[in-house]
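As structure tokens, the structure follows; a few thoughts come after it.
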Amino acid sequence: DAMVIQNPRYQVTQFGKPVTLSCSQTLNHNVMYWYQQKSSQAPKLLFHYYDKDFNNEADTPDNFQSRRPNTSFCFLDIRSPGLGDAAMYLCATSRGGETDTQYFGPGTRLTVL
Amino acid sequence: GQNIDQPTEMTATEGAIVQINCTYQTSGFNGLFWYQQHAGEAPTFLSYNVLDGLEEKGRFSSFLSRSKGYSYLLLKELQMKDSASYLCAVRDGDYKLSFGAGTTVTVRA
């Protein structure tokens, strides 16, 4: 039944040690999004893919990269995590039309030691 | 830029009604969404308004006034499981969303 799947649900990494978070979807949606959400704050869009087209938000740090090898999978790479990168990372998908809804995965809680 | 405001916290009693307001100032408007987010979990879709008026869906209703840049989410017959954060999000033209910081609703017995 799961539509948007994120692994792992909890990730612990060390300061400066690269980490990859994964997202997969069974909805065959065109668009996949990565959000960062810190405690009691709004989800902040980092970037999104419309099919294979990558769209970076202007204020997303270079430390964050993404890959979408196929329709179903999308990865978030954090090259050198800092303490400020500890957050919940949410993956979402949508068809890509102007009236459609975004569906979220359960999120990955990242801890940086 | 986008500016989406909603109260930080609200408390209500089980069985009561609570209204969560959201005001927005965006460069464009192509729909307003409400999401529910339980602590440590992902947001789940509640409602979508693109035209003025009230949309009712069971115990939850959402209202939109585009001329006032205003929406509210109405939760009726509150249950303990309704304790969560409620996020207002605006689509300003394409398919991306801008979120408010969320309103934490606490339901007390």
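Miscellaneous remarks
- Working note: Cα atoms of the protein assembly as shown, range along each principal axis, descending, whole Å: 48, 37, 35.
- Gyration tensor verdict on the range B:1-103 (Cα atoms; rounded if a/c is under 1.5, prolate if a/b is larger than b/c, oblate otherwise): prolate
- Magnitude of the charge dipole for the range B:2-109, about its Cα centre and with charges confined to Cβ atoms of Lys, Arg (+1) and Asp, Glu (-1), is about 60 debye.
- Net charge dipole, the protein assembly as shown: roughly 380 debye, given to the nearest 20, about the Cα centre with Cβ charges of +1 for Lys and Arg and -1 for Asp and Glu.
- Ranking B:LEU32, A:LEU76, B:GLY15 by Cα position along the charge dipole of the protein assembly as shown, where only Lys, Arg, Asp and Glu carry charges on their C-beta atoms, puts A:LEU76 farthest toward the positive end.
- Estimated FRET transfer efficiency when R0 is 22 angstrom, pair A:LYS38-B:THR106 (beta carbons, to 0.05): 0.60
- Using θ = phi - 60° and Karplus 6.51 cos²θ - 1.76 cosθ + 1.60, couplings along the range A:39-56 (whole Hz; Gly, Pro as x): 3, 6, 10, 6, x, 10, 6, 8, 6, 8, 10, 9, 6, 9, 7, 8, 10, 8
- Positive-pole candidate from A:SER39, A:GLY96, A:LEU110, dipole of chain A, charges at beta carbon: A:LEU110
- Debye, to nearest 20: dipole size of the range A:19-64, +1 on Lys, Arg Cβ, -1 on Asp, Glu Cβ: 200
The numbers here are math on the coordinates, done by the rules we state, and not lab data. The shown structure was predicted, so the numbers you read here are calculated from the model rather than taken from an experiment. Because the Cβ atoms are built from the backbone with ideal geometry, glycine has one as well, and the counts that use them run over all protein chains shown.
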